[in-house]
Amino acid sequence: MKWGEADIQSWLQQQQIKRSYRDEVLSSIEKIKGNFMVRQYGALSHDPDRYPLFFIESKIFDPSKKTILITGGVHGYETSGVQGALVFFDSAANTYNDKFNFVCFPCLSPWGYETINRWNHRALDPNRSFYENSPAEECKLFLKTLFSLNIKPIAHFDLHETTDTDNTVFRPALEQRDGVAQELWDIPDGFYLVGNSQKPAPDFQKSIIESVQKVTHIAPSDGAGKIIGVPIEQEGVINYDVQKLSLCASSTQAPYTTTTEVYPDSPKVTDEVCIRAQIAAIEGGLNYLLESQD
């Protein structure tokens, strides 16, 4: 039976704070202020003092440059997406700052970050909620802000992870919440990308994979030539209809979009490797854009 309000509240009461958004995210954002502008765009209404929301942007927007959008922490439990975005702006972004305008929302779901959760506090999956009048406050605030900025990104990097808990925690909870049986698939051991089936950009995706290969291993396909149940398009790349699924990658009309998927539970990686893989993904895409513009 599908969850009602009492079920949502029961689930919420079971969630616990496991790490600090202030210590692990906001403190890092403070360090970036010297080279980039940091602006608050709202706060989560259920605890605004604990969960202020910030985005990072280039100090000077040059209309002659292409604009890059980076998002992290859409799913708060996917740690390297948040930390990868922050470390990129604390280090590698300076290499590209004279070539692109940047806008970055490093942690869209701070409650999810603290509770290590895929869902928000209303048991909603933000990465199925990027549409007008979204019931997910995280998505609504992001989309409102993005619209107000009036930017037209050439590329959007949405930084994610695929974890073992997708099968052990999330999909069983999803089955309970919706009262619909959920298929489980093998969690791929390695990095992969999700492109937009309507704008697949295979050469862009290939450049990202080649960049990440220098840092960590790429997920192999299963015996059926699939990754998480979806046929591969090329090594380490699958495509979704991001608009139909209301994924974060559908938020703009950018011609180049990619959703990174790091696998932090692999015995072959460390937390640092996962962060470096996210940075390498951004760099691979940016280098492709620079080369293709020449």
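The values are calculated or read from the model by the stated rules, or taken from the named source; none is laboratory data. Note that the structure is a prediction, hence the values are computed from the model and not measured. Quick reminder, even Gly has a Cβ in these numbers, built from the backbone with ideal geometry, and neighbours come from all protein chains shown. Side chains are part of the model used for accessible areas, which takes the heavy atoms of the whole protein and leaves out ligands, DNA and RNA. Shrake-Rupley method; radii C 1.70, N 1.55, O 1.52, S 1.80 Å.
Quick notes on this one:
- Accessible carbon and sulfur surface of the chain relative to its total accessible area, %, 1.4 Å: 48
- DSSP H segments from the chain that extend 24 Å or more along their own axis, Cα-based, with Kyte-Doolittle mean of -0.5 or above: 271-293
- Per residue solvent-accessible surface (Å²) - the stretch 204-294, probe of 1.4 Å: 44
- Using only side-chain charges placed at the Cβ, +1 for Lys and Arg and -1 for Asp and Glu, the dipole size of the chain relative to its Cα centre rounds to 780 debye.
- Length added when fully stretched, Asp98-Glu175, from 0.36 nm per residue minus Cα-Cα: 23.0 nm
- Unsatisfied cross-links (Cα-Cα over 27 Å) in the set Lys59/Lys268; Lys140/Lys199; Lys2/Lys244; Lys66/Lys140: Lys59/Lys268
- Positive-end residue of Ser129, Tyr113, Gly179, charge dipole of the stretch 96-198 with Cβ unit charges: Ser129
- Given in Å, the Rg to one decimal and the Dmax to the nearest whole number for the Cα atoms of the stretch 1-59 are 16.2, 52.
- Here the calculated FRET efficiency for Lys59 and Asn133, from their Cβ-Cβ distance with R0 = 30 Å, stands at 0.35, rounded to the nearest 0.05.
- The stretch 182-294, Rg to Rh (Cα coordinates; Rh as Kirkwood inverse mean 1/r): 0.96
- On the beta carbon distance between Ile8 and Glu183, with R0 = 25 Å, the FRET formula returns roughly 0.55.
- Mean residue ellipticity (222 nm) of the chain, computed from DSSP H runs ≥ 4 via -39,500 (n - 2.57), nearest 500: -9500 deg cm²/dmol
- With both labels modelled 7 Å from their Cα along Cα-to-Cβ, the Asn150 to Thr270 distance reads 4.8 nm.
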